[in-house]
1. Taking only region 124-179 into account, find how many residues are within 22 Å of residue 34 (Cα to Cα), at pLDDT below 85 and buried (at least 16 other Cβ atoms within 10 Å of the Cβ).
2. Residue pairs, Cβ under 7 Å, 6 or more apart or interchain, first in region 91-118 and crowded, with 20+ Cβ neighbours inside 10 Å and at pLDDT 80 or above, second of a type in the set (Phe, Trp, Tyr) and not in a helix (DSSP H, G or I). List them.
3. Return the only residue of 63, 46, 56 being in contact (Cβ under 8 Å) with a residue 60 or more places away in the chain, part of a loop (DSSP other than H, G, I, E, B) and either in contact with a Leu (Cβ under 6 Å, 6 or more places away or on another chain) or not small (Gly, Ala, Ser) (or both).
4. As an exercise: evaluate residue 180 against (1) in contact with a helix residue (DSSP H, G or I) (Cβ under 6 Å, 6 or more places away or on another chain); (2) within 22 Å of residue 293 (Cα to Cα); (3) not polar (S, T, N, Q) and give the number of the one condition it does not meet.
5. Just checking, does region 137-157 include any residue being β-branched (Val, Ile, Thr) and over 26 Å from residue 61 (Cβ atoms)?
6. Take the residues in region 273-304 that are at pLDDT 95 or above and among the small types (Gly, Ala, Ser), then tell me which one is surrounded by the most Cβ atoms within 10 Å (Cβ to Cβ).
Amino acid sequence: MFRSPFADKGVPDAVRDHWVDRFAPLFARPYLRLARIERPIGWWLLLLPCWWSSALAANAYGLPYPEWSHLLLFLIGAIAMRGAGSTYNDIVDRDLDAQVARTRDRPLPSGRVSLKGALVFVLFLCLVGLVVLLQFNSFTIMLGFASLGIVMLYPFAKRFVWMPQIVLGLCFAWGALIGWAAIFGYLAWPAILLYAAAICWTIGYDTIYAIQDIEDDEIVGIKSAARYFAEHVRAAVAAFYLAASGLVFAALTVAGVGVVAYLGAALFAGHLAWQVVTMDRDDGARALMLFRSNRDAGLLLFAGLALSPLVH
């Protein structure tokens, strides 16, 4: 039977009844799915280190609240660049994705988007990201460009190293440097410590995410932290989350924040501890739920940082 290239079909880990599925024009849906618009957790996890860093910088600089224009620009940039990164990743992985149950219905391996169409789309999204980046100071612009090498490397990491989550962490945590640089025009220890914390956080939550794909990854030879740590995956996630929490507290201490910021950090750490206690290596559905819950964990930390100057 003939299948339209615009057939309305998503992937198993997409948000159900998302506006993309209900309201977007049929021709646009494969491209919106290519950018993972119907899976907003990805851009949230890219955005949150930016917001943490911006709020931390506001505390250190003596501002009464984070720079709202920066927060908005980071939101636009995170959605665009997460979409660009996801599209680039799918271009590189289109043959592997066709062999994995969770990913074979993505727009490229399913044939709903052509390779040429995907290349044009990723260039458009990069242009949006560039426009956002050019709104900041020159140091921040250079820092943004410096991340591109790591981004280009990530899709290949899982073919050669057992911990591709480290490379993902280096990418997704980059905003922890950007937010600070946008305020100060240079980097300092609070931003560096926050970057290290965000890397550990990313490794932890992406290891949980990889639990869903353990069996398929073994079949096609994709490496992941979930496969590497095997039955010790809970202890590994606990170690990374503990490191993330400790580094967050260190960043806050060096920046000289108020008590509300520490309260946010404590709630963040408590949420991560709950994830570790309740995770199950044999339950892929729970792994997805816990992975998505990291948006809430990150927002707790941001709320503490954003509100701290008001109570300082």
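The values are calculated or read from the model by the stated rules, or taken from the named source; none is laboratory data. Bear in mind that the values here come from a model prediction, so they are computed numbers and not experimental data. Cβ placement follows ideal geometry from the backbone for every residue including glycine, while neighbour counts extend to all protein chains displayed.
1. Result for region 124-179: 5.
2. From residues that are crowded, with 20+ Cβ neighbours inside 10 Å and at pLDDT 80 or above, the pairs are 112/6.
3. Matching residue, one of 63, 46, 56: 63.
4. Among (1) in contact with a helix residue (DSSP H, G or I) (Cβ under 6 Å, 6 or more places away or on another chain); (2) within 22 Å of residue 293 (Cα to Cα); (3) not polar (S, T, N, Q), residue 180 violates only (2).
5. yes
6. Top of the filtered list is 304.
So that you can scan it fast, the table gives a plain yes or no per residue for (1) touching a residue at least 12 places away in the same chain (Cβ under 8 Å); (2) of a type outside the set (Ser, Thr, Tyr); (3) not in a helix (DSSP H, G or I):
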{"residue": "121", "(1), (2), (3)": "yes, yes, no"}
{"residue": "130", "(1), (2), (3)": "no, yes, no"}
{"residue": "136", "(1), (2), (3)": "yes, yes, yes"}
{"residue": "142", "(1), (2), (3)": "no, yes, no"}
{"residue": "152", "(1), (2), (3)": "yes, yes, no"}
{"residue": "158", "(1), (2), (3)": "yes, yes, no"}
{"residue": "166", "(1), (2), (3)": "yes, yes, no"}
{"residue": "177", "(1), (2), (3)": "yes, yes, no"}
{"residue": "183", "(1), (2), (3)": "yes, yes, no"}
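Quick grid of which residues meet (1) hydrophobic (A, V, I, L, M, F, W, C); (2) modelled with pLDDT of 95 or more; (3) over 20 Å from the mean Cα position of the chain (by Cα):
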{"residue": "181", "(1), (2), (3)": "yes, yes, no"}
{"residue": "195", "(1), (2), (3)": "no, yes, no"}
{"residue": "198", "(1), (2), (3)": "yes, yes, no"}
{"residue": "201", "(1), (2), (3)": "yes, yes, no"}
{"residue": "207", "(1), (2), (3)": "no, no, no"}
{"residue": "213", "(1), (2), (3)": "no, no, no"}
{"residue": "230", "(1), (2), (3)": "yes, no, yes"}
{"residue": "234", "(1), (2), (3)": "no, no, yes"}
